[in-house]
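Colleague: Please see the structure below; I have some questions.
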Amino acid sequence: MTIINSRFPDVEISTLSVTERVFAGIDPDRTVLIDGPSGREMTGAQFVGAVKSLAGGLTERGMAPGKVLALMAPNIPEYCVVFHGAAWAGGTVTTINPTYTAHEVNHQLNDAGAEILVTVAPFLDTAKEAVRGTGVTEIVVIGTAEGATPLSDLMGKPLEAQAPVDTAGHVVALPYSSGTTGLPKGVMLTHRNLTVNIDQSLVPADVRPGELTVAFLPFFHIYGLEVLMNIYLAAGGGLVTMPRFDLQQFLDLTARHRTPRLWIVPPVALALAKHPLVEGYDLSFVEQVNSAAAPLGADVAEAMGARLGTNATQGYGMTELSPVSHISPQGKGRPGASGVTISNTECRVVDPETGQDLPLGRDGELWVRGPQVMKGYLNNPQATAETIVEGGWLRTGDIGHFDEDGYLYVTDRLKELIKYKGFQVAPAELEAEILTHPEVADVAVIGVPDDEAGELPMAFVVAAPGADPTLQDLQGYLDGRLSHYKQVRRMQRVDEIPKSASGKILRRLLRDRVGA
Ligand code: 4UU
């Protein structure tokens with residue numbers, strides 16, 4: 001076994017709950033949350049007060065260890081209050097993409113066993129449809145709306161201390177990820193996972209007290225939830241929240257708040273490198289741009305860095321890693337590299353065919369071990385056992401190698417996951433939906449490269465006898481069942497889907513066909 005160790009000193013593994021860790025960094029007098037579009041501000045004292053009151057009110061309603069609250073909202077300051085209010089009350093929060101269809105929300109609510117759903121007025125109709133046939137007994141809206149409990153009704157007598165939980169084992173967050181194969185699964189992240197990943201990440205990321213960043217990356221995804229929300233608050237910094245991405249608004253808010261660090265995904269790097277709007281802004285105060293969630297090509301990283309006059313770096317991680325395993329030391333990013341291994345974390349590069357460890361510089365599957373590795377997939381011991389193998393190693397399903405200085409280069413993906421603009425698209429989910437189309441006899445979905453989105457979902461379709469399905473037919477059919485970013489964008493008719501003897505789709509053959 002060849003283990004690649006972190007070059008950073010270990011951090012102490014904290015026993016604090018994630019909310020206790022976040023509170024430890026907060027200065028009560030400083031502004032910690034700003035609603036970007038309106039400029040509405042919340043101080044540290046107001047944030048802590050709101051979290052404790054909400055935790056008190058939730059406790060009166062029965063929130064306790066073992067209870068699940070679903071949070072389906074865009075990035076607004078109250079998102080952070082609700083997440084930490086439920087965590088402080090000892091609950092588990094499952095985070096739901098607010099652009100999900102009722103069908104997708106319904107699935108997650110049932111799978112996660114949620115009992116309360118918190119949303120905002122524009123998503124109330126979806127929420128009402130989605131809770132049918134689930135265990136959700138109450139819909140709460142941030143603000144007010146007809147037919148739902150206003151969040152203000154849940155503000156109770158403050159709960160002064162963290163509800164007792166075993167921070168090493170208690171699941172506080174339950175985001176969904178398809179991992180290496182199959183449908184989206186609940187990723188069980190404990191308080192310890194999130195608390196330690198804050199401390200590990202802050203060694204290279206060194207966010208300063210009072211430092212602001214514009215948070216447009218969605219809080220429902222682990223990047224927004226942990227790297228923006230938890231890490232910034234715990235470091236004594238603050239967030240300017242944006243409910244949806246708009247380049248001009250992002251540039252306006254960045255310029256207005258003079259944020260030294262930007263946290264982005266590759267399509268935004270492309271815009272920062274090429275879009276004419278950027279010309280109109282003086283961004284000379286930007287010290288660092290960090291991209292993660294999908295590969296950022298060296299060309300785009302260099303063009304963006306040159307245009308902004310700053311260092312462009314990447315982080316690497318996955319939901320199952322809370323999410324960070326690799327970050328670049330700030331100011332020391334290398335084009336094409338995804339960072340260096342963070343504290344308390346070990347890596348191996350394993351030949352996927354033979355299971356043997358590969359020598360330095362050779363491409364293989366990246367395996368990661370550390371205290372940020374998830375507890376497992378909810379109610380899915382088989383998928384857990386296939387992902388976390390003997391010795392506690394997490395198989396990432398990504399292909400890459402390390403250089404002599406410890407920088408990771410992610411070069412390919414072994415797993416079937418598609419990343420559309422950094423969002424997860426699980427081929428198995430699209431295939432399951434498309435297979436229900438009466439004109440489809442069989443289908444396989446893979447990702448094909450795209451300059452802007454990174455990858456686009458492409459379907460290989462075997463038509464039912466006498467049928468003639470088109471891309472438009474499929475798109476019309478999926479619209480309303482799956483959210484927009486999961487839409488199939490390319491289609492090719494085939495006579496047969498290549499499969500192994502055990503019936504597994506041979507995606508590699510399909511990829512080769514597109515490449516040819
Ligand atoms: C090539 O996207 C994430 C986590 C992102 C993240 C955020 C802040 C990482 C570090 C950080 O500092 O999680 P998931 O679960 O949605 O997707 C995980 C997958 C990986 O397995 C890999 O295939 O997303 C891909 N990925 C990357 N690929 C993530 N980061 C990179 C990267 N280069 N830098």
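The values are calculated or read from the model by the stated rules, or taken from the named source; none is laboratory data. Everything numeric here is computed off the predicted structure, so don't read it as measured data. So basically every Cβ, Gly included, is an ideal-geometry build from the backbone, and we count neighbours across all protein chains shown. For the accessible areas, the whole protein counts, side chains as well, though only heavy atoms, and no ligand, DNA or RNA atoms are used. Shrake-Rupley method; radii C 1.70, N 1.55, O 1.52, S 1.80 Å.
Colleague: Just tell me which aspartates and glutamates come within less than 15 Å, Cα to Cα, of residue 52; anything on the same chain fewer than 8 places away is out.
Modeller: 20, 60, 78, 153, 160
Colleague: Suppose the chain between residue 496 and residue 484 were pulled fully straight at 0.36 nm per residue; how much longer would it get relative to their current alpha carbon spacing?
Modeller: 1.6 nm is the gain from fully extending residue 496 to residue 484.
Colleague: How many angstrom lie between the C-alpha centres of segment 1-29 and segment 466-507?
Modeller: Measuring centre to centre over Cα atoms gives 43 Å.
Colleague: So with the 1.4 Å probe, I'd like the accessible area per residue for segment 224-267, rounded to whole Å². Before the final figure, lay out the partial values.
Modeller: On the way: 1140 Å² over 44 residues.
Heavy-atom accessible area per residue stands at 26 Å².
Colleague: Can you work out the FRET efficiency for the pair residue 512 and residue 363, with r the C-beta to C-beta distance and R0 = 22 Å, to the nearest 0.05?
Modeller: After rounding to 0.05, the efficiency reads 0.80.
Colleague: Given H placed 1.01 Å from N in the peptide plane, which residues other than close sequence neighbours of residue 456 have an amide H under 5 Å from its amide H?
Modeller: For residue 456, whose amide H was placed from the backbone, the distant partners under 5 Å are 448, 450.
Colleague: Probe radius 1.4 Å, ligands and nucleic acids ignored: give me the carbon and sulfur share of the accessible area of segment 31-100 as a rounded percent.
Modeller: Reported share for carbon and sulfur atoms: 54 percent.
Colleague: Let me ask something additional. For the chain, what is the calculated [θ] at 222 nm in deg cm²/dmol (nearest 500), taking -39500 (n - 2.57) for each run of four or more DSSP H residues and dividing by its residue count?
Modeller: Rounded to the nearest 500, the figure is -8000 deg cm²/dmol.
Colleague: Expressed in nm to one decimal, what extension gain is obtained for the pair residue 441 and residue 13 from 0.36 nm per residue of sequence separation less their Cα-Cα distance? Each step should come with its number before you reach the end.
Modeller: Working: separation 428, 0.36 × 428 = 154.08 nm, distance 5.22 nm.
Full-extension gain reported as 148.9 nm.
Colleague: Can I ask one more? Hey, which of these cross-link pairs are over 22 Å Cα-Cα: 415/504; 67/185; 332/415; 375/419?
Modeller: 332/415; 375/419
Colleague: Would you work out what percent of the accessible area of segment 246-413, with all protein chains in place, is carbon or sulfur (probe 1.4 Å)?
Modeller: The C+S portion of the solvent-accessible surface of segment 246-413 is 48 percent.
Colleague: Any idea what the relative contact order of segment 246-413 is, in percent, if you count C-alpha pairs under 8 Å spaced at least 6 apart?
Modeller: 16 percent
Colleague: Using only C-alpha positions, report the orientation-averaged shadow area of the convex hull of segment 246-413, nm², one decimal. Spell out each step's value before the answer.
Modeller: Details: hull surface 43.8 nm².
The number I arrive at for segment 246-413 is 10.9 nm².
Colleague: Amide H to amide H under 5 Å from residue 67: which residues, 5+ apart in sequence or cross-chain, H placed 1.01 Å off N in plane?
Modeller: 92
Colleague: With all protein chains present and a 1.4 Å probe, how do 222, 388, 13 order by accessible area, largest first?
Modeller: The residues order as 13, 388, 222, largest area first.
Colleague: Please identify which residues in segment 1-31 have an amide N closer than 15 Å to a label point set 7 Å out from the Cα of residue 46, following the Cα→Cβ vector.
Modeller: 27-31
Colleague: Test of understanding: extend the Cα→C-beta vector of residue 157 to 7 Å, then name every residue of segment 39-72 with backbone N under 16 Å from that spot.
Modeller: The answer is 52-63.
Colleague: Quick one: accessible surface of residue 139, probe radius 1.4 Å, all protein chains present, in square angstrom to the nearest 10.
Modeller: 20 Å²
Colleague: Same structure, new question: With a 1.4 Å probe and all protein chains left in place, how much accessible area per residue does segment 51-125 have, in Å²?
Modeller: Accessible area per residue: 25 Å².
Colleague: Accessible area per residue for segment 417-514 in Å², computed with a 1.4 Å probe and the full protein assembly in place, what is it?
Modeller: Accessible area per residue, segment 417-514: 47 Å².
Colleague: Next up: Using a 1.4 Å probe on the protein heavy atoms, what percent of the accessible area of segment 417-514 belongs to carbon and sulfur?
Modeller: Ligands and nucleic acids excluded, carbon and sulfur reach 48 percent.
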